[in-house]
Amino acid sequence: MNGISLLIPTYNDRCLQLARDLWSQAKELGAPFELLAGDDGSTDKSVVADNRRINSLSGCRYIERPLNEGRAAVRNFLAREARFDTLVFVDAGRGVARDTFLAEYARLLSQHRMFFYGGYVMERHSRANLRSVYEDARASRHTAQCRSLHPYLDFNTCNFACPRDLFLRYPLDERFRHYGFEDVLYGKRLHAAGVKICHVDNPVALVGFDSNAHFVAKWEEALATLCQFQDELRGYSRMLAMTDNLGRFRLLPLVRLWHRMFAPLERRQLLGARPSLLVFEFYRLGYFACLLSGGRGGRSAM
């Protein structure tokens with residue numbers, strides 16, 4: 001059916017304002033639309049109560065799933081629930097960065113049958129926040145021009161649009177139940193299928209900061225996912241490429257030794273008021289090297 005389905009996967013994130021902003025832009029387009037927010041078993045009752053107000057917007061539904069089944073499963077669920085032939089996915093925790101956001105995706109998809117990834121930008125910066133420091137250092141990599149150099153490696157599910165039938169033909173891999181890398185493997189799958197990903201300048205905004213502790217914990221979870229699916233992700237992960245190179249030169253034992261000795265000090269620095277990106281890179285590398293050897297990598301201090 002001709003129209004746009006706006007899909008917001010969420011887990012313990014408030015998305016009422018995002019829904020309102022997308023709803024307003026959809027109303028201005030004048031095309032048939034719906035908005036579905038899929039809650040993947042959120043445990044924060046105050047967040048759920050706030051998000052339920054989405055149901056008061058015409059054409060909008062807040063769907064509460066009883067169990068947390070993972071980022072891939074909730075996206076596939078939303079695509080199956082959608083009624084219209086154009087899908088626009090925006091993660092909760094993001095904001096609308098431009099008044100032309102939906103209009104641009106509608107224009108692109110009226111001309112081409114492919115995946116479009118619009119990227120993201122930081123709304124504000126803080127030297128005391130590790131996520132902010134991390135994203136600020138990588139801002140140049142997030143431009144459409146830079147992403148287009150590696151279109152399948154640099155695809156991210158936080159903000160993309162595609163034809164519904166194409167997504168249903170190539171759903172996300174639901175083995176990915178924990179955080180991280182489901183979008184990387186998805187890019188690999190689309191590449192193998194010959195489905196084009198076009199990188200465009202149509203960003204959403206990161207509107208809030210993870211705490212330093214939460215950001216480190218998310219990366220630890222993501223690296224565990226990478227370790228679990230390393231055989232399938234090889235060639236699509238810079239971390240795997242780095243550890244493979246270190247392994248060839250028999251340097252991984254030294255990296256593991258460093259991590260076991262200094263991980264507590266590194267983590268303390270990362271959770272402090274002036275987190276260092278260099279320390280974070282050492283911490284991630286050491287953590288992953290320990291995971292590859294069957295170790296735990298180090299416990300997160302929350």
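The values are calculated or read from the model by the stated rules, or taken from the named source; none is laboratory data. A quick note: this is a predicted structure, and the numbers were derived from the prediction, not measured. Note that we place each Cβ from the backbone using ideal geometry, even for glycine, and neighbour counts take in every protein chain shown. Surface accessibility is based on the protein's heavy atoms, side chains included, excluding ligands, DNA and RNA. Shrake-Rupley method; radii C 1.70, N 1.55, O 1.52, S 1.80 Å.
Calculated accessible area for the chain comes out at 47 Å² per residue, all protein chains present (probe 1.4 Å; ligands, DNA, RNA ignored). Note: region 37-186, Cα convex hull, 144 Å³ per residue. Please state the shape class of region 191-230: rounded when a/c is under 1.5, otherwise prolate if a/b exceeds b/c and oblate if not, all from the C-alpha gyration tensor. Oblate. Only protein atoms count toward the accessible area here, which uses a 1.4 Å probe; on region 1-124, the carbon and sulfur part of that area reaches 47 percent. Sequence-ordered 3J(HN,Hα) estimates for region 93-100 from the Karplus curve with 6.51, -1.76 and 1.60 and θ = phi - 60° stand at x, 10, x, 6, 8, 9, 5, 9 Hz, glycine and proline given as x. For residue 122, nonlocal amide neighbours, meaning residues 5 or more places apart or on other chains whose placed amide H falls under 5 Å from its own, are 206.
Relative to the dominant Cα principal axis of the chain, helix 252-270 is inclined by about 60°.
Taking only Cα atoms, what is the 0 to 90° angle, nearest 10, from helix 238-248's long axis to the longest principal axis of the chain? With rounding to tens, the tilt is 20 degrees. When DSSP beta bridges are restricted to pairs lying wholly in the chain, around 30% turn out antiparallel. Would you mind checking the tilt of helix 277-292 against the longest principal axis of the Cα atoms of the chain, expressed as 0 to 90 degrees and rounded to 10? For helix 277-292, the angle is close to 80 degrees.
For the chain, the residue among 160, 187, 233 whose Cα projects farthest onto the positive side of the dipole built from Cβ charges is 233. For region 136-198, the square roots of the Cα gyration tensor eigenvalues, ordered a ≥ b ≥ c, give a/c of at least 1.5 with a/b no greater than b/c, which places it in the oblate category. Remark on residue 198: its backbone amide H falls under 5 Å from those of 115, 116, 117, a criterion applied only to residues 5 or more positions apart or on other chains, H modelled at 1.01 Å from N.
Reported to the nearest whole Å, the Cα centre-to-centre distance from region 12-90 to region 215-253 is 33.
Measuring max minus min along each principal axis, the C-alpha atoms of region 186-291 give extents of 46, 40, 20 Å (largest first). For region 97-159, the square roots of the Cα gyration tensor eigenvalues, ordered a ≥ b ≥ c, give a/c of at least 1.5 with a/b no greater than b/c, which places it in the oblate category.
Among the trypsin sites (Lys or Arg not before Pro) in region 132-230, those placed in a DSSP loop whose Cβ has at most 16 other Cβ atoms within 10 Å are 138, 175, 177, 196.
Over all pairs of different C-alpha atoms in the chain, the reciprocal of the mean inverse distance, the Kirkwood hydrodynamic radius, equals 20.2 Å.
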